1. Could you please find all residues in the stretch 276-296 being in contact with a helix residue (DSSP H, G or I) (Cβ under 6 Å, 6 or more places away or on another chain) and basic (Lys, Arg)?
2. Does the stretch 211-232 include one or more residues that are in contact (Cβ under 8 Å) with a residue 60 or more places away in the chain and either of a type outside the set (Val, Ile, Thr) or closer than 30 Å to Lys275 by Cα (or both)?
3. Return the residue satisfying two criteria in turn: it lies in the stretch 134-188 and is out of contact with any Phe, Trp or Tyr (no Cβ under 7 Å at 6 or more places or on another chain), more than 25 Å from Trp294 (Cα to Cα) and of a type in the set (Asp, Glu), and of such residues it is least open to solvent (accessible area, probe 1.4 Å).
4. Going through the stretch 261-278 one residue at a time, which ones are more than 27 Å from the chain's Cα centre (by Cα) and either part of a loop (DSSP other than H, G, I, E, B) or surrounded by 14 or more Cβ atoms within 10 Å (Cβ to Cβ) (or both)?
5. Residues in the stretch 189-210 that are free of Cβ contacts under 8 Å to residues at least 12 places away in the same chain, under 33 Å from the mean Cα position of the chain (by Cα) and loosely packed, with under 15 Cβ neighbours inside 10 Å: how many?
6. Here are Ile92, Ile101, Ile37: which of them is closer than 14 Å to Phe130 by Cβ and without any contact (Cβ under 8 Å) to a residue 40 or more places away in the chain?
7. Could you please find all residues in the stretch 211-228 being open to solvent by 40 Å² or more (accessible area, probe 1.4 Å), touching a helix residue (DSSP H, G or I) at 6+ places or on another chain (Cβ under 7 Å) and in a helix (DSSP H, G or I)?
8. Would you call Glu231 within 29 Å of Ile147 (Cβ to Cβ) and open to solvent by 50 Å² or more (accessible area, probe 1.4 Å)?
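The values are calculated or read from the model by the stated rules, or taken from the named source; none is laboratory data. Everything numeric in this text was worked out from a predicted model, so none of it was measured. Virtual Cβ from ideal backbone geometry, glycine too; neighbours counted across all protein chains shown. Just the protein is used for accessible areas: all its heavy atoms, side chains included, with ligands, DNA and RNA removed. Shrake-Rupley method; radii C 1.70, N 1.55, O 1.52, S 1.80 Å.
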Amino acid sequence: MNKNVKLWYLILVLSVMPSFSSAKLLDKIVAIVDDNIFTLSQIKRVQTNLIARNNISPIIYAKTDYTEDQIAEIMIRKIIIRHKLSEQGILIGDDQVKMQIKQTKTNLNITHDALMDFLQMNNITYEEYFELSRESIEFSYFNHRVISPLITISEQDIKNAFYKENESNNTLAFKYTLVDFSLDKDQFKPGMVKEFKKILKEFQVTGNLPERFKDVATNVLGDIAEDGLFEDLRVALKKTDEGSFTDPILLAGQYHVFFVKKKDLVESDLYLDVKPKIKNQLYKEVTKQITDLWFQREKNKHYIKKFI
């Protein structure tokens with residue numbers, strides 16, 4: 001903790017020390033990030049205009065209701081983002097913020113007076129709006145430069161999500177490339193059926209099969225349409241993702257486990273219609289996961305202390 005932070009801390013401690021008759025809490029530190037201090041009054045102030053912040057910058061304030069701890073976390077992330085951008089030589093100065101605000105007024109076709117009226121009605125000062133605009137620009141740079149390169153949504157990811165949403169839809173048609181692992185029913189001793197799938201997963205990694213499964217036969221089946229498949233197999237394949245194994249299925253006196261090497265949807269109008277929506281939803285989910293993990297790692301590079 002540098003001397004400026006220590007000084008702030010000392011001031012706040014002195015402010016709550018008991019006088020001759022009573023002690024009065026003027027404010028308190030709720031979070032420290034490197035050289036930056038955030039106080040309870042700052043957090044309370046944010047809570048008074050969360051609706052406006054959500055309206056102005058939903059990329060940062062995605063909700064209109066946050067706990068004190070959640071707001072402190074947003075403030076901590078702001079500092080970490082600013083530090084990361086600084087490492088990359090990016091500094092969002094006042095002139096850039098002014099240009100952004102000017103562009104916003106043009107896009108919304110409103111005057112400066114109309115903007116000020118909106119801010120006043122929503123209990124947010126122009127200075128707060130100005131800094132929130134700066135933070136929004138920083139967050140956009142952060143997403144574009146740091147997070148977006150880490151995100152990949154494949155065509156198969158979209159199809160797998162579509163499959164899960166439509167498991168009960170009997171109108172969907174698939175074609176598969178399968179690897180069929182089979183063993184005669186008579187060779188199964190108690191407990192072997194339950195471990196068949198697990199053994200094959202391990203075999204995929206090690207290339208070794210236990211002695212009791214040494215007679216497993218394999219057969220590659222390419223471009224198999226689901227029309228005409230046994231009902232049990234059709235249902236099992238439909239709920240199994242590409243790159244995964246089905247559960248054991250008893251067919252014609254043999255237990256089979258199928259590895260779904262490739263699973264293609266015979267594309268329908270339904271899939272093409274919802275594909276952009278599914279991709280967008282997956283992107284949001286993956287972005288949140290990756291962003292949270294990134295902050296978890298990045299926090300270790302900073303001095304962070306919370307008092308909430």
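1. Scanning the stretch 276-296 gives a single hit, Lys279.
2. No - not one qualifying residue is present in the stretch 211-232.
3. Selected residue: Asp184.
4. Of everything in the stretch 261-278, those that are more than 27 Å from the chain's Cα centre (by Cα) and either part of a loop (DSSP other than H, G, I, E, B) or surrounded by 14 or more Cβ atoms within 10 Å (Cβ to Cβ) (or both) turn out to be Lys261, Val266, Glu267, Ser268.
5. Qualifying residue count for the region: 4.
6. When all the criteria are applied, what remains is Ile101.
7. Correct list: Arg212 only.
8. no
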